[in-house]
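Scroll down for the structure; my scribbles are underneath it.
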Amino acid sequence: MRTDIVLTGRERHFNPDEVIVTKTDLKGRITYANRVFLGISQLNLKQAIGAPHSLIRHPDMPRCVFKLLWDRIESGKEIFAYVLNRAISGDHYWVFAHATPSFDSKGQIIGYHSNRRVPKKETIESVIRPLYAELRMIEEKAADRKVGMHAAYAHLLEKLTKGGTDYDRFIFSI
C-alpha cells in the first residue's frame, strides 16, 4: 500500500444519510469496511481488509486526538471525535466519528467498531480547524514526536478544564 501519498487539497464528501462503518482488530487492522468507507477512501475491499486503519490518517490530524481515542477505546469506553482523513488519491474528508470497543461474551475487548457521519461544516471551520491547528503547532514544536503529542494532549485537557468542561461535554456542545 502506498505511503507516499501527495495531498491534493481537494475535499471529498459523502451524503448526510450515509454512515461510514469499519471494524478493526485489537491492533487497528481493518477487518470490515462498508461500501461508503471504500468509496470515500478510494480503497477496494482487498486493499482495505488487513490494512492498518492509520492508512487513511491525514498528516494535519493532531496525534494527541488519536492518543485520546486509543486511550478511551482500549479502556472499554466509547468516544466521539472530529477526524480529518485522507483518501488514497490524496484528497481529504472530514467525519464525526463514534468509536467503540467490541466485546466477546466474556466481556473482553476483541476489536473496535467505528461509525462516521457527515460533520457540521460550521463546527469544523469555526472550532475544530483552529483547535487542531493549535494542537499540531504544539506537537511540531517538540524535537521528539512523542513528547510533542503528550504536550498537545496536556494542553487540550488544560484548555478543557479552564473552560469548565471535559472532553465529552465539549464535543457535544459544539
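Summary table
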item	result
Subset tally (residues that are crowded, with 17+ Cβ neighbours inside 10 Å, touching a strand residue (DSSP E or B) at 6+ places or on another chain (Cβ under 6 Å) and either in a loop (DSSP other than H, G, I, E, B) or not charged (D, E, K, R) (or both)) for region 83-99	10
Residues of region 109-135 classified as in a helix (DSSP H, G or I), under 14 Å from the mean Cα position of the chain (by Cα) and closer than 26 Å to E74 by Cβ, total	2
Selection status of A151, small (G, A, S), touching a Leu at 6+ places or on another chain (Cβ under 9 Å) and outside any loop (DSSP other than H, G, I, E, B)	no
Single residue of K106, K159, K77 found to be open to solvent by 40 Å² or more (accessible area, probe 1.4 Å) and in a helix (DSSP H, G or I)	K159
Conditions (1) on the phi < 0 side of the Ramachandran plot; (2) in contact (Cβ under 8 Å) with a residue 24 or more places away in the chain; (3) not in a helix (DSSP H, G or I); number of the one not met by Y32	(2)
Only listed residue being touching a residue at least 40 places away in the same chain (Cβ under 8 Å) and within 24 Å of M137 (Cα to Cα), chosen from L69, L55	L55
Counted residues, region 40-60 - those being crowded, with 19+ Cβ neighbours inside 10 Å and either of a type in the set (V, I, T) or part of a loop (DSSP other than H, G, I, E, B) (or both)	3
Top-ranked residue of region 136-148 - restricted to ones that are open to solvent by 50 Å² or more (accessible area, probe 1.4 Å) and part of a loop (DSSP other than H, G, I, E, B), ranked as farthest from E78 (Cα to Cα)	A143
Candidates R72, R129, R63, R116 - the one that is out of contact with any strand residue (DSSP E or B) (no Cβ under 8 Å at 6 or more places or on another chain), crowded, with 17+ Cβ neighbours inside 10 Å and basic (K, R)	R63
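The values are calculated or read from the model by the stated rules, or taken from the named source; none is laboratory data. The structure presented is a predicted model; accordingly, all values stated were derived computationally and were not measured. When we count neighbours, we look across all protein chains shown, and the Cβ atoms used for this are built from the backbone with ideal geometry, even at glycine. Areas reflect the complete protein model, heavy atoms only, side chains present, ligands, DNA and RNA absent. Shrake-Rupley method; radii C 1.70, N 1.55, O 1.52, S 1.80 Å.
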